[in-house]
Structure formats: structure tokens, C-alpha cells
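Below is one structure, written out as C-alpha cells, with a few remarks after it.
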Amino acid sequence: MISEQIERRIYTKEATPIEQLARFSEVLGGPTIYIKRDDLLGLTGGGNKTRKLEYLMADALKNGADTIVTCGALQSNHCRLTLAAAVKEGLHCQLVLQEHAHRKFDEQALGNQQIFKLLGAEQLHIVAHDTDLVAQALAVTEQLRREGRKVYFIPVGGSNALGTLGYVRAAKEILAQCKAEGLVFKEVLVGSGSGGTHAGLALGFYEGNAPFSLMGINVSAPNAVQVLKVEQVLQGAAQLLKLTDLPDGLISCEDGYVGEGYTLSTPKMVEAVKLLAQTEGILLDAVYTGKVMAGLIDFVRQGKYKKEDKILFIHTGGAMSLSAFGGEFI
Ligand SMILES: *Cc1c(COP(=O)(O)O)cnc(C)c1O
């Protein structure tokens with residue numbers, strides 16, 4: 001497989017475990033739910049961006065970069081992990097962070113923002129909610145280049161073709177675990193944001209003839225926008241891997257759990273985060289995995305699955321931001 005020939009750094013040595021959620025499944029009274037613990041991936045606090053960064057940082061080093069620039073929301077997990085990878089590789093890192101219409105920058109904020117400081121981000125650039133984040137991040141990149149830096153720019157969420165390979169690889173890891181552990185899933189659920197995680201899994205499961213469906217639960221956009229976005233990311237990764245003749249319809253999304261918008265709390269998200277914490281001792285997050293789990297819980301309650309089905313939830317991380325969303329869980 002060509003993906004094995006593309007260089008990567010290794011930030012997690014072993015496969016992350018797939019665990020059965022016995023008590024959580026029993027409380028819901030439906031299928032048996034399993035969890036893929038990508039919250040236990042390497043780098044500061046783990047989470048899905050670690051897999052993408054294995055490829056992106058290898059490329060940055062190959063290109064002789066001395067500085068990494070990336071961008072995201074004020075509480076971006078992607079920015080935390082990119083910074084962590086830069087620290088580990090001995091590179092400078094500057095973050096371009098966008099305010100939310102409902103949430104302004106606060107110097108004292110906890111969560112990921114506190115970690116940006118602890119990890120020693122070289123500079124945080126705060127931009128207003130109604131500006132073009134990517135354009136601003138590219139302007140920072142250009143300015144640093146004019147000053148003589150060798151900058152490697154990583155897009156939002158690390159969701160370009162190269163970053164997506166991290167989740168093509170994860171799909172193979174899951175299929176190997178299913179085989180070794182005798183697990184046959186009915187459906188796999190994953191958060192769908194900037195799209196690299198969803199696209200990579202879709203491509204890897206297709207290539208590996210996975211016997212189950214994959215459902216992306218949107219965290220920000222309606223289906224009309226999200227399906228196209230993920231399909232574009234998937235096409236980019238497929239080109240990089242020289243895969244042709246892919247069928248249509250590899251991407252399925254559900255947009256019923258976004259609520260009023262990205263990062264905004266919903267009652268079902270709060271219920272989901274509390275229920276998993278109080279039955280299994282596993283922390284989800286308010287922005288991504290809490291909404292995905294809210295979707296899964298609803299699917300079970302609506303009778304979408306049979307009692308004998310096995311469902312896999314991908315835990316993409318994010319709990320390090322919980323302290324910044326504290327009020328929602330009291
Ligand atoms: C970024 C992120 C996602 C979404 O992944 P994408 O590849 O951006 O779609 C899901 N969960 C967490 C915790 C994240 O930080």
C-alpha cells in the first residue's frame with residue numbers, strides 16, 4: 001500500500017484500544033457500544049489531530065521548516081496538538097485564533113488556551129469572528145517569511161490530503177483490531193468538522209472492504225455543506241494515494257446534533273458527556289465528542305439499532321477544553 005511509503009513521525013507507539021462500554025450500553029438498553037480510545041493518542045492530551053500531525057510534521061521537517069503556523073478557534077484542540085508537536089520537534093509555533101460571535105478572547109481563559117501558554121507558543125494572533133481566518137493566518141505566514149523564517153503552514157484541523165492519511169491509517173488499525181478481537185460492528189460513528197477524520201476513515205474503510213457503515217455526526221455545518229466538504233478532502237487524499245474509480249456516496253452525515261452552532265452547548269450534549277462520565281469514567285468534550293455521543297444516544301432511543309448490534313464510537317479527544325466550558329456542566 002502506497003501510504004506506507006509516505007514518511008511520518010511516530011507520536012503514538014501502539015494501537016489505541018477498542019473498549020466495550022458495558023455499563024453505558026446497559027443504561028441505554030440497546031446495542032452494545034464500543035469506544036475507540038483515540039483520546040489516548042500521543043502528544044499533549046491526545047486526540048485525533050495527533051494522527052494527522054504524524055504526516056504533517058514529517059513533511060514540515062523534510063521541507064526544512066523552523067516555524068509552524070496554524071489556525072483555529074480560541075479553544076482549538078488542533079492548535080494545542082500542533083503546538084505540542086512543534087515543541088517536541090524543536091520548532092517555533094505561532095497560532096492564529098479566531099474569536100466566536102458569542103465568545104471573545106479572554107486572557108485568563110482555561111482549557112486549551114492555558115495549555116498554549118504552558119507549552120510556550122511563540123505568539124498568539126487573535127482575530128475577530130467576522131474576518132477570514134485562513135487569509136489572516138496566511139498573512140502571518142507571509143510576514144514571517146519576509147523576516148527570514150522557514151514557515152510550514154498547516155490548515156484548519158490539519159485536514160488537507162496529507163493530514164487525512166492519518167485516518168486512512170487509523171481505519172486500517174481498526175479493521176486489524178476487529179479481525180484480531182473477533183468484533184463485527186454494524187456502524188461506526190465519528191465527528192465531522194474540518195473533515196479529515198471522517199474522510200480518512202471513509203477512504204480506509206472502503207479500501208479495506210469494511211463490513212459496516214460509517215456515519216459522520218456534524219459539529220458545525222448542515223449536511224448540504226458538510227458532505228461536499230468531506231468529499232473534497234477525501235478526493236485529495238485519494239489522489240495522493242493514487243486511488244481511482246472511487247464510487248459516489250462514501251460520505252454520510254447527520255446534522256441534527258449541531259444545535260445553534262459550532263462550540264455552542266446543547267442539552268443533549270450535556271446529558272451525553274455526563275452519562276459517559278458517570279457510567280464509564282471517560283470524559284468527552286463539549287464541542288465535538290459530546291455532540292457525537294448525543295447523536296448516538298438518540299439513534300439508540302429511536303430504535304435505529306438491534307439489541308444484538310455492536311456500534312463503535314470514535315473518541316476523538318477534546319476533554320482538555322472542558323475547563324473552559326465549565327458552567328455548562330454544573
Ligand atoms: C478536530 C476535532 C474533531 C473533528 O475532526 P475533523 O477532522 O476536523 O473533522 C473531532 N473531535 C475533536 C475532539 C476534535 O478536536
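The numbers here are math on the coordinates, done by the rules we state, and not lab data. Computed from a predicted structure; not experimentally measured. Note that we place each Cβ from the backbone using ideal geometry, even for glycine, and neighbour counts take in every protein chain shown.
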Query raised in the report: Taking only pairs six or more apart or across chains, which ones have beta-carbon atoms under 7 Å, a first residue in region 273-292 that is away from the ligand (no atom under 13 Å from the Cβ), and a second residue that is of a type in the set (Lys, Arg) and outside any loop (DSSP other than H, G, I, E, B)?
Result: Thr279/Arg23; Glu280/Arg23
Report summary line: Selection over region 98-125 where residues are exposed (fewer than 14 other Cβ atoms within 10 Å of the Cβ) and closer than 24 Å to Ser220 by Cα yields a count of 4
Requested in this report: Run Ala85 past the list (1) over 21 Å from Tyr11 (Cα atoms); (2) among the small types (Gly, Ala, Ser); (3) in contact (Cβ under 8 Å) with a residue 60 or more places away in the chain and report the number of the one that doesn't hold.
Outcome: (1)
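Kindly evaluate Leu124 against the criterion of being in a strand (DSSP E or B), touching a Leu at 6+ places or on another chain (Cβ under 6 Å) and of a type outside the set (Phe, Trp, Tyr).
Numbers: in a strand (DSSP E or B): yes; touching a Leu at 6+ places or on another chain (Cβ under 6 Å): yes; of a type outside the set (Phe, Trp, Tyr): yes.
Yes.
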Query raised in the report: Which ones in region 106-121 are touching a Cys at 6+ places or on another chain (Cβ under 8 Å) and in a helix (DSSP H, G or I)?
Result: Asn112, Phe116
Requested in this report: Among the residues of region 130-144, write down those that are hydroxyl-bearing (Ser, Thr, Tyr) and under 13 Å from Gly72 (Cα atoms).
Outcome: Thr131
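What residue, among those in region 138-161 that are within 16 Å of the ligand (Cβ to nearest atom), crowded, with 21+ Cβ neighbours inside 10 Å and outside any loop (DSSP other than H, G, I, E, B), is farthest from the chain's Cα centre (by Cα)?
Among them, the one singled out is Ile154.
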Query raised in the report: How many of the residues in region 198-235 are farther than 14 Å from Ser252 by Cβ, within 10 Å of the ligand (Cβ to nearest atom) and of a type in the set (Val, Ile, Thr)?
Result: 2
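Every residue in region 47-95 that is part of a strand (DSSP E or B) and within 16 Å of the ligand (Cβ to nearest atom), please. If you could, list the steps in order and put the result at the bottom.
Restricting attention to region 47-95, the residues satisfying the condition of being part of a strand (DSSP E or B) are 67-73, 92-95.
Selection gives Thr70, Cys71, Gly72, Ala73, Leu95.
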Report task. Report whether or not Ile6 is over 24 Å from Gly120 (Cβ atoms) and buried (at least 21 other Cβ atoms within 10 Å of the Cβ). Result -> no
